[in-house]
Amino acid sequence: MAMADSSNKGPKLPPANRPAERRERGGWLSKIAPGVSKFVSRRETPENLWVKCPDTGEMIYRSDLDAALWVTPSGYHMRIGASQRLKYTFDDGQWETIDAPDVPEDPLQFSDGKSYTERLKAARAKTGAKDVMAIGYGKVQGVDCIVLVQDFAFMGGSLGTAAGEAFVAAARAAIERKCPMVCFTAAGGARMQEGALSLMQMARTTLALQELKAAQLPYIVVLTDPTTGGVTASYAMLGDIHLAEPGAMIGFAGRRVIENTIREKLPEDFQTAEYLVEKGMVDRVVPRNELPEVLGALMAMLMGGRRRAA
């Protein structure tokens, strides 16, 4: 019995390794399709178009938050970078950048599973900054001053040799220009990848402040969230005046470490700026939008009679 010819059954499929040929579209639609598809193509929406308030969970339009200096409707002061801080502080957002000295990188050849050089590279790619400190010179409410900003986004604002050198450079720039120095602090402590070298910066920054004091120039500290560890134990608490942003966490060791050490429950607002004002550790809590005016008034007063630093 003859076998049926299977070659006529169903459409002939292309080989598996070769895609089927597509039919060309015809008609007037094909002529305008490329332009239409380009016109209606989905625009890329930034992932960070909306920002969630850490305090209330409210979603806030990013441009509105930026216009509010990154203070949410509930009054929560979000962390900001060094460039934003300098822009919000100086008159008309104008300042002269002062470069910090270069320092040897990875002097201890440290690795914690990832080399220190790799961590520095990642932090620089993330923030666009060379290290944690940024120095600017300009006018705040018409008063010439040096402003030093510590950026928590760069490795947790950790204090290392680069930060120490930047602090010394800022203090000496203030002395050279005969103007006050303002320091915005934000740190999780010393940089472990530099070991004892990071701890030495506590002493070096203190000596730099002694030079500023000898020149009878004011040093004002603005404590931002968070300011902890060796930074709190050194230049963050050596100012003539200590201001703080609302809600900023300020302390040396963390709550859990202290509670486990003293075996007592700490107050809910412990180590907040408001709590430390009551205890005399901070002079005044100032909202972000009022800081330039307050800083300008304080510096004008202190420089009016070239009053000796405390």
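The values are calculated or read from the model by the stated rules, or taken from the named source; none is laboratory data. The structure presented is a predicted model; accordingly, all values stated were derived computationally and were not measured. Note that each Cβ is placed from the backbone with ideal geometry, even for glycine, and that neighbours are counted across all protein chains shown. SASA here: full protein model, heavy atoms, side chains in, ligands and nucleic acids out. Shrake-Rupley method; radii C 1.70, N 1.55, O 1.52, S 1.80 Å.
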Could you give the nm distance between label points at Thr56 and Asn289, where each point is 7 Å from its Cα heading toward the beta carbon? 1.4 nm
Charge sum, other residues only, whose C-beta stays under 14 Å from Ala236's C-beta, Lys/Arg counted +1 and Asp/Glu -1: -4
Can you give the accessible area of Ile175 in Å² (nearest 10), computed on protein heavy atoms with a 1.4 Å probe? 50 Å²
7 Å from Cα along Cα→Cβ at both Ile258 and Glu274: what's the point-to-point distance in nm? 1.7 nm
Rounded percent of accessible protein surface that carbon and sulfur make up, segment 184-310, 1.4 Å probe: 57 percent
Considering only Gln210, Val222, Leu197, whose Cα is most displaced toward the positive end of the charge dipole of segment 160-237, charges sitting on Cβ of Lys, Arg (+1) and Asp, Glu (-1)? Gln210
Magnitude of the Cβ-charge dipole (Lys and Arg +1, Asp and Glu -1) of segment 112-161 about the Cα centre, nearest 20 debye, reported as 180 debye
Hey, what do the phi angles of segment 205-213 turn into as Karplus ³J(HN,Hα) couplings, whole Hz, using 6.51/-1.76/1.60 and θ = phi - 60°, x for Gly and Pro? 5, 5, 5, 5, 5, 5, 5, 5, 5
Summed residue charge, Cβ within 14 Å of Gln84's Cβ, Lys/Arg positive, Asp/Glu negative: +2
Place a point 7 Å from the Cα of Leu108 in the direction of its beta carbon; the residues of segment 114-140 whose amide N falls under 18 Å from it are 114-121, 132
Within-11-Å neighbourhood charge of Ala248 [Cβ basis; K, R +1; D, E -1]: -1
Result for segment 46-199: accessible area per residue, probe 1.4 angstrom, in square angstrom, of 48 Å²
Got a sec? Charge dipole of segment 80-170, +1 on Cβ for Lys and Arg, -1 for Asp and Glu; which of Ala134, Leu108, Ala153 is way out at the positive end? Ala153
